[in-house]
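Working notes, beginning with the structure itself.
The values are calculated or read from the model by the stated rules, or taken from the named source; none is laboratory data. Keep in mind that this is a model prediction, so the values were computed, not measured. So basically every Cβ, Gly included, is an ideal-geometry build from the backbone, and we count neighbours across all protein chains shown. The protein model used for the area step is the full one, side chains on, heavy atoms only, and it has no ligands, DNA or RNA in it. Shrake-Rupley method; radii C 1.70, N 1.55, O 1.52, S 1.80 Å.
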Amino acid sequence: MAPGLPGFTIVGLADTALQEARERVRGAIRNSGYEYPPRRITVNLAPAELRKSGASLDLAIALGILVGSEQVSANGRWAVLGELSLGGELRSMPGLLPMVAALGRRTVKRIVVPLDGLAEARLACDVDVVAAATLAEAAVLLRESRRGRARVQPPRVELAADGLGERVGSDRGWGIGVASEMGPDLAEVRGQLEARRALELALAGGHSMVMIGPPGSGKTLLARTVPGLLPALDDQEARIATIIASVSGSEPLTDLVRARPFRSPHHTISYAGMVGGGPLLSPGEVTRANDGVLFLDELPEYDRATLEALRQPMEDGEVAISRVGRAAVFPSRFQLIAAMNPCPCGHAGEGDGRCRCQPGIVDRYTARVSGPLRDRIDIWVHMPRVEPAEYVLSGAHEGSDRVAARVVEARRRQMLRSGRVNSRLSGRALRGACALGQAEQAHAVRLAEMDGWSARGIERLLRVARTAADLEGVERVAETHLDEAARFRSPTGRCLGFAVAG
Amino acid sequence: MLGVQSLGPVITRRVAEDEEPMSATTPTSRCPRTVDRAAMDLERDAWVVLLSVTGLGPVSFGALLAAFGSARAVLAAASAPAGPARLLQALADAAASPDGDPAAVFDACASAETEAGLPPSGFPTPRRRQSIGADLATRICEAAVGGAGEVERVRALGLTAITLEEPEYPARLREVELPPPLLYLRGSADALSARNAVAVVGTRWPTDKGRLIAGWIGSAIARAGAVVVSGLAVGIDGAAHAAVVGEGGQTVAVLGGGHARLFPKAHERLADAIVAAGGAVVSELPPDTSPSRGTFPRRNRLVSGLSDATVVVEAGCRSGALITAGWALEQGRECFLVPGPFDSPASAGCHAFLRSFPGQARLVSGIAELLEDLDLGGGAGSGVAVARGPGAPKNGPSTRQTQPGGRPSPSVPGAGRAAVLASLGPVERALAQELLLGPATADQLALRTSLAGAAVLSALTLLELRGLATGAYGRYLPSGRLAAWSDGPGSRLSE
C-alpha cells in the first residue's frame, strides 16, 4: 500500500477470475463497514512465475488490505480461504479440502474457511479450522485469535498418515453399497443369463467389460445396477475419492465419499473432459471414476482420440497431464464397462435377416474401438434381444444383494492374497495367484491355441479364470474356470470365426 | 441329366509340384505333352500379362489373339518400337480379312449388369467389338514391357493361372457361353473338375434357419461326394462353405474380386480352411482387382457355370443369388430353390423365381429329395451311397484323401448325430437337442430345459469348445457334426 493516485493492481500471473477480485474486494470492504483506502494498492502473488487462478484468494486480499490500512489487527499465523461477494459474504470453492490439507502439512494450524465449507475443511485433521460467514466475521476472528467458534469433531481421516496397509482387508469399509443413488436392482433385469454372470465376474475382479447387443436388450439397465453391486470404498480409497470430489465437485462436501464412483459420461465428451486438463488442469472422468466404474454407453460413438487416451490410464492406474509450464498426475484406477451395438443398425445376429449392414461396415464399426483398447478388455459378452416369452415367463432372478455379497467376498479374497484386484495382476504375480497344475496348464494352452492368442490374451484368460475361482471360493484355478473365462473372450478371435460372419 | 460331365482324363496342375522341373532338354518320351511344356508356360504367362491390362476385356483379348495367333506374339509386337501402332494395324488387317472373326472366340461377357430384375431377361447380348482404342493399345504396350511383374505377382501370391486352352480348365465352365479366358486359382485344380458339383448360394442376410439349412445342404452334398460351389459371401454362401469344410469335403469359392483383395475380409480364415481341406478359391480377375458392384454378377456366372446345378437357399426379392439361378437356367443347368414361409422376406425371391419359371426352376422339398433330384442320393451315377433312413450311419468326415473324383471314404459307423449326442453328458445332451430345434439364447435354453442358469452356461461352454455349438451375438447354433445334415428333418430328435 503506497501513497499516490488511488489504484489497485494484482501482480503475479493472475487469471481473469482473480483480476476481478479487485471489484469484489472493493465492494465487500465497503459493504462490511470498513473503509476502502484511497491509496495505491498492489497485491503481489508469490511465487511470481506460477499462474494463479480462481476466487479463493479474495478473502486473503481483502484482509490484507484491511490489515495494511490498519483497520484490522491480526494475531498470530493464519491462513484464510474464501471467495467474497460484493456484499461481503463468504463462499466456498472447489478443492477446499486439499487446500486445507496442504496448509496443514505446511504447519499453518489456524485456517479461516467459509461457513458452507466448514464440514469439508474439517475432514482434514491436525488443523484448526474456524468458519466465517462474512468478511467482517473473518476480521473479528483474526483479531480474537484462538477464541473461535466451538468445534464439533466429525469423523476424520488421517490425512498425513500413510500406514493404511494393515487396515486393508479388515472388516472396516467392506459394507455393501452406501451409494445414495443405488440404481435398479439386478432382479429387475429380465433374462440375460450370460451378461449377469459376466457382470458378476467383472465386478468381482475389477475386469473391464464390453456388452454387445441390439438396442433394448438391457445393456444400459444392467450397467445401472452396478452401483448397487459394488462394495463401499475402504478408508484409503475414500480419502482419495473425497479429495477428487472436492476438487471437481460443485457443491461443498459434508462427509467422506464412501460410495464407489460410477461415472457415465455421454459420448460427446471431449478429450480433456475424459482424461483431464483444461485451463485449470482439472481431473477428467478417468480420475473421477477412480476406484469405481467408468461406464461408456455406445462405445464406438466416442471420439477415437478420446478412446485411445483411455489406454494409458487403464494400464498404469494414473494419468499424467502436461501443459506448458504445468503438469499433474491424477489417479485413474477405474474399471471400464462399455456397451455397444453389434453393428450400425443394431440388429446383427438377431437371426431374422433384419440387419442389412454390409460386412465391411460392421467391421469398420467395431474397428472404431482400436485393437490395443480391445486388448485391454478382459470380458466380452453378447446380449441378445429378450423375447417377450422370456420376459414374462422367466422366473425370479437373483437380487443385487446376493450378487453383491459374492462380489464382496471375492474381492476380499483377492485383497488378502495379493493386495489388489485380479484385473491389476499380471506376469509372475498372476501365474503365482493362479497356481495352475499340469493338467490346467495344458488346458490353458489348448484354449489359447484355438484362437491363436497373444501373450496378452492368455493373461486375460488367466485373470478372469482367477476371478471365477475366487467367486467360487477356491484357491486353485481349475479347468472349468478356464473354460468359463474362454467363453467371455473377444469375439474378434473366435475359433470358428468364419462361421460367425454375417 | 445332371452330375455326369464327359471329362477327358484330367491332368491336374499339381504335375508341376509332383514332377521335377522340366526344361526344353527334358527327354520327351515321358509324356507327349511335355514337349511344349515350356512353351505353354510362356504362353500362359503372356495371357496373365495381357489380361491384367485395365480395360482389356475378353472381347478385345480375343481379337488380339486372333490377329496375332498367340498372346506371346501380341506381347512381342507390343514391346517392339511403335508397338501401339502395330497392334492397331494388325487388328485392322484381321478385321478386314474375310475369315477374320476374332470375337467369335470370346465375346462380350463383361457387360452383365447388376440389374435387379430377374436375370435371364437382362442377360447380356453378345456385342462384337473388334478394335481397340489407342489408349488401350498404349496400356498393352506398357504392360508388355513391365509384364514380368504381373507374372511374379501371381506366383508370389501362390496362385495358379489356368487358361482356356489348357486341359486343366474346368470342362463345365468351358461349355458355357463366354467362358472367362483365364482363371486364377488357389488350392487344388481337381476341385474345379470334380465329377459332380453343386452350387449352394443365397442371401447375405439369412435367417438363422436359412443358415442351418445351407449347412445341412452343404454337408449332405459333400458327404455324397460332390463339390459345393459358392461365392464366399457372408450369410448362406459362408454357411455352405463352412459346412463342407466341417465335413472335410471339397468346396470351391468363386471370388468377386482378385485374390489379393479377398472379400469379405471376415472370410479370410474360411478361405484358408477351404484350401486346406482340398478345395479351391478361384477368380477370373487379376489378383489386385478390387471387388465392385459390377464384378459380383460376373462372378455369379462362374458359380453356376462351374456347377451341374444351383441351389438357392434364401434370397430376397433383389438378391444376387437369383442372378446365379438365372445364369444356371441360361447355361442349361438345373436350378433348385428352397421355399420358406410365403410371407418371409428372406425367401420372397425364391418364391418369385419359382413362379416365374415353372417347369424349369425346381422346388427343394427336403434334403433327401434334393440329393435324389441331383442324382447324388445313392444312384448308380454317383457311386456313393448316402443312407436316407433315420439313424443310418453317415459317411466319414474326410474326403481329403480321396480320388480326384471326390469320392468320400466309406461310411464310418457311429459318426452321425446320434453318436455325438450319445457321447454327451445329460445336461449337454439336453441343450444339444434343444439347439437342433433352432438357434436359441442361453436364456431360452434355460427356460426350455428348466435347468439352472449356471448349469446351462457351463454346458454351453463345453459344447462350444467341442465345436458342437457356435455362439454368435449371444445366440447359439449347432455346429460341426451337430449341424451337419443327418437324419432328415423328421427325425431330428431322438426324444
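Structural remarks
- Scanning region B:435-446 for residues that are surrounded by fewer than 21 Cβ atoms within 10 Å (Cβ to Cβ) and either within 11 Å of another protein chain (Cβ to nearest Cβ) or acidic (D, E) (or both) yields a single hit, B:G438.
- Qualifying position, being touching a strand residue (DSSP E or B) at 6+ places or on another chain (Cβ under 7 Å), within 14 Å of chain A (Cβ to nearest Cβ), free of Cβ contacts under 8 Å to residues at least 40 places away in the same chain and open to solvent by less than 10 Å² (accessible area, probe 1.4 Å), among B:C350, B:C335: B:C350
Let's see how each residue does on (1) without any contact (Cβ under 8 Å) to a residue 24 or more places away in the chain; (2) assigned by TED's automatic domain parsing to the domain that holds A:G317; (3) in contact with an Asp or Glu (Cβ under 6 Å, 6 or more places away or on another chain); (4) within 30 Å of A:A455 (Cβ to Cβ):
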| site | (1), (2), (3), (4) |
| --- | --- |
| A:V392 | yes, yes, no, no |
| A:A396 | no, yes, no, no |
| A:S400 | no, yes, yes, no |
| A:A405 | no, yes, no, no |
| A:V408 | no, yes, no, no |
| A:R412 | no, yes, no, yes |
| A:L416 | no, yes, no, yes |
| A:A433 | no, no, no, yes |
| A:A439 | no, no, no, yes |
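- Unmet criterion (only one of (1) in contact (Cβ under 8 Å) with a residue 40 or more places away in the chain; (2) under 27 Å from A:E298 (Cα atoms); (3) not small (G, A, S)) for A:L221: (1)
- Sole residue being of a type outside the set (D, E), in a helix (DSSP H, G or I) and buried (at least 19 other Cβ atoms within 10 Å of the Cβ), chosen from A:R260, A:R197: A:R197
- Matching residues, region B:251-273, being of a type in the set (G, A, S) and in contact with a Leu (Cβ under 7 Å, 6 or more places away or on another chain): B:A253, B:G257, B:G258, B:A260, B:A271
- Total residues in region A:386-442 satisfying the condition of being within 14 Å of chain B (Cβ to nearest Cβ) and open to solvent by less than 30 Å² (accessible area, probe 1.4 Å): the figure is 3.
- Test: residue in region A:16-27 that is in a loop (DSSP other than H, G, I, E, B), within 35 Å of the chain's Cα centre (by Cα) and among the basic types (K, R): no
- Test: B:G416 is facing chain A (nearest Cβ under 9 Å) and modelled with pLDDT under 85: no
- Residue ID - farthest from the other protein chains (Cβ to nearest Cβ), chosen from residues in region B:260-277 that are open to solvent by 20 Å² or more (accessible area, probe 1.4 Å) and touching a residue at least 60 places away in the same chain (Cβ under 8 Å): B:A260
- Residue check for B:D208: within 8 Å of chain A (Cβ to nearest Cβ) and in contact with a Gly (Cβ under 6 Å, 6 or more places away or on another chain): yes
- For region B:449-480, filtering for residues that are in contact with a strand residue (DSSP E or B) (Cβ under 9 Å, 6 or more places away or on another chain), farther than 15 Å from A:E484 by Cβ and more than 10 Å from every other protein chain (Cβ to nearest Cβ) leaves 2.
- Region A:46-72: number of residues that are among the β-branched types (V, I, T) and more than 19 Å from A:E89 (Cβ to Cβ): 1
- Per-region count, region B:66-83, residues surrounded by fewer than 22 Cβ atoms within 10 Å (Cβ to Cβ), of a type in the set (A, V, I, L, M) and under 20 Å from B:A161 (Cβ atoms): 2
- Considering residues of region A:388-414 that are acidic (D, E) and over 14 Å from B:G453 (Cβ atoms) only, the residue modelled with the highest pLDDT: A:E409
- Residue identified as under 26 Å from A:R402 (Cα atoms), at pLDDT below 85 and not aliphatic (A, V, I, L, M) among A:D255, A:D235: A:D235
- Test result for B:G231, farther than 27 Å from B:R195 by Cβ, buried (at least 23 other Cβ atoms within 10 Å of the Cβ) and within 13 Å of another protein chain (Cβ to nearest Cβ): no
- Residue in region B:289-302 that is part of a helix (DSSP H, G or I), touching a strand residue (DSSP E or B) at 6+ places or on another chain (Cβ under 6 Å) and open to solvent by less than 10 Å² (accessible area, probe 1.4 Å) present: yes
- Complete set of residues in region A:382-427 that are among the β-branched types (V, I, T) and not in a loop (DSSP other than H, G, I, E, B): A:V392, A:V403, A:V407, A:V408
- Within region B:315-328, if we keep just the residues that are open to solvent by less than 30 Å² (accessible area, probe 1.4 Å) and assigned to a helix (DSSP H, G or I), the residue that is nearest to the other protein chains (Cβ to nearest Cβ) turns out to be B:A321.
- Scanning region A:328-378 for residues that are of a type in the set (G, A, S) and either surrounded by 21 or more Cβ atoms within 10 Å (Cβ to Cβ) or closer than 19 Å to A:N290 by Cα (or both) yields A:A328, A:S332, A:A338, A:A339, A:A348, A:G349, A:G351, A:G353.
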